Amino acid sequence: MNIPGPEPRTDEGVGAIAAAGGLHHYQRWLHTEYGPVVRFQLPGAETAVSVADPVLLEATAHINKRPERLFDFLAPLFEAGNLQVLPADEHTPLRRLLLSVLAGRPSHERHFARFTELTTALADRWAERAGQGPVALQKDLTALTLRMICAYALGGDAEDPDAVIAAFEDVLTEYLGRLYEVPAPDAGEEGAKRAAEALARLRATVCRIVAAHDSGGGDRSDLIGALVEAGERPARIRDTVMMSLLAAHHTTGVAVSWTLHLLASHPEAADRVTDELDRVLGDRPAPEYADLRRLTYLDMVLKESMRLYPPGPYGARETAEAIALGEYEIPAGATVFYPFWAVHMNPDHWPEPEKFMPERFTPQEVAKRPRLAYIPFGLGPRSCEGAGLAVIEAQLVLAVLLKRFRFRPVPGHGVTPIERFVLWAADDILMTVSPRR
């Protein structure tokens, strides 16, 4: 049976995506209009099929290949091959190694105190400027989470963390600007030159840290340490650090930003979070690692926020052979599109999907849904290796900030989600921040 979808266009669907307000909105429209499996045009993909049914997604969960053309824009960041599209035989052992570090409790605990210091420093800055105008959540929180991942990935060996962060921002601005055809502030040859110099500085920084590990010195970076001990070559180590910075930079920061945005609009839920924090933490301004397991309502709030605003709104895989999805057959070589946002808004599994209801994530409610109804970090062998670390970071940041502050929306400031590698608010999320006590 033919897969339903819109009529082909001469522009490869670019106009339809633009008219919808971006690929993230277009996917939601496609599935509302045509059902759970939709064939559509996507530049760079000869055959593209989007799947928003979590039961049907199970048939694709084993796929271990990403469409190379869709990730070409990241290739210049890597020296030893684009890590986003490594063949399965190379990707699988690297993934196993990354999971042993990024998903491990010992590594999370070892870095937790440093994460708390960085978060507390931001909270102190907000307290000092209380009453001096609104806070731009995305700006401040993505800067915080970049500092956190730098501390995690590089250890304490970065000679000038602020310089590392500035260099990475130069690189990211240049390459994401190319992807979305958004001119950088110094677009053209000057911007490209600055990005190339920044990339060289980042690689040189990682080289110095690798040398410190080889000599037995330096403040341990679990990530680099594991890669060195596994015998990975220097170029692959540098690439892996770059990928970790790229993947973790905006995602955790925007997840926390959207969560605070939702809580500011739902004061009863915000009060319930702060009551839980007061009960678990008492007079302590920040949680210990073990406290996070007791912050059950905060965890439900974060999950519901990532359902409504998944940090990465979609993913993609490429079929190596034909697969059956219900009554449809997907040919070999097709791009299977994972519209995370549309999956999370599927009314068959999420009644009143637009509503913010953290109680959806009680154990009893979770047990009623298919496994893949909630996939903020993707699925299968190419899902996010840093998911566990990202959740720990987000829970910590939310706990520290909500223990100290109340958040109120700035009247008249619209919050519009757009897709910029992550699900971003177009004009940031402006918030009035005031001390609770």
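For the chain, what does -39500 (n - 2.57) per DSSP helix run (n ≥ 4), summed and divided by total residues, give at 222 nm, in deg cm²/dmol to the nearest 500?
-16500 deg cm²/dmol
Please identify, among Gly22, Gly131, Gly155, the residue showing maximal mean-square fluctuation in a Gaussian network model of the chain using a 10 angstrom Cα cutoff.
Gly131
Ignoring solvent entirely, what values of log10 I(q)/I(0) come out of the Debye formula for segment 227-286 at 0.19 Å⁻¹ when each Cα is a single scatterer?
Once normalised to I(0) and log-transformed, intensities are -0.78.
Per residue of segment 71-78, in order, report the coupling 6.51 cos²θ - 1.76 cosθ + 1.60 (Karplus, θ = phi - 60°) as ³J(HN,Hα) in whole Hz, putting x for Gly and Pro.
10, 4, 5, 8, 3, x, 7, 10
Could you tell me what fraction of 2.2 N^0.38 Å the Cα radius of gyration of segment 19-167 comes to, as a two-decimal ratio?
Compared with the compact-globule rule of thumb, segment 19-167 sits at 1.41.
Between exposed GluC sites (Glu not before Pro) in the chain, where DSSP calls loop and at most 16 other Cβ atoms lie within 10 Å, what's the longest gap?
Within the chain, the longest run free of exposed GluC sites (Glu not before Pro) spans 182-287.
Given H placed on each backbone N at 1.01 Å, which residues far from Leu423 in sequence or on other chains put an amide H within less than 5 Å of it?
It is Gly312, by chain and number.
Sequence-distant or interchain residues sharing an amide H contact under 5 Å with Leu325, placed H: which?
Here the answer is Ile330, since their amide H atoms fall under 5 Å of that of Leu325.
Could you list, in their original order, any pairs among Lys65/Lys355; Lys139/Lys355; Lys303/Lys403; Lys368/Lys403; Lys65/Lys139 whose Cα atoms are separated by more than 29 Å?
Lys65/Lys355; Lys368/Lys403; Lys65/Lys139
Take the alpha-carbon centre of segment 37-84, take the same for segment 298-350, and report the distance between them in whole Å.
Centre-to-centre (Cα) distance: 11 Å.
Using all alpha carbons of segment 283-339, what is the percent of pairwise distances in each 5 Å bin, ordered from the shortest bin to the longest?
Here the calculated profile for segment 283-339 is 4, 14, 14, 13, 10, 11, 10, 8, 8, 5, 3, 1.
Farthest toward the dipole's positive end in the chain, which of Ser434, Thr116, Gly282, given Cβ charges of +1 (Lys, Arg) and -1 (Asp, Glu) about the Cα centre?
The listed residue farthest towards the positive side: Gly282.
Apply 1/(1 + (r/R0)^6) to the Cβ-Cβ distance of Asn2 and Arg436, taking R0 = 60 Å, and write down the FRET efficiency to the nearest 0.05.
For Asn2 and Arg436, the calculated efficiency is 0.55.
Based on the alpha-carbon set only, what is the convex hull volume of segment 284-437 divided per residue, in Å³?
Taking the convex hull of the Cα positions in segment 284-437, it is 148 Å³ per residue.
In whole percent, how big is the carbon plus sulfur part of the accessible area of the chain, probe 1.4 Å, protein atoms only?
Carbon and sulfur: 52 percent of the exposed surface of the chain.
Keeping all protein chains in place, calculate the accessible area per residue for the chain (probe 1.4 angstrom), answer in Å². Don't skip to the end; give the middle numbers.
Numbers: 18940 Å² over 437 residues.
Accessible surface, normalised per residue, equals 43 Å².
Please give the direction-averaged projected area of the C-alpha convex hull for the chain, in square nanometres with one decimal.
Values: hull surface 86.0 nm².
Result: 21.5 nm².
The values are calculated or read from the model by the stated rules, or taken from the named source; none is laboratory data. Owing to the predicted nature of the structure, the values given are computational and were not obtained by experimental measurement. In this analysis, Cβ positions are derived from the backbone assuming ideal geometry, glycine residues included, and neighbour counts consider all displayed protein chains. For accessibility, only protein heavy atoms count, side chains too; no ligands or nucleic acids. Shrake-Rupley method; radii C 1.70, N 1.55, O 1.52, S 1.80 Å.
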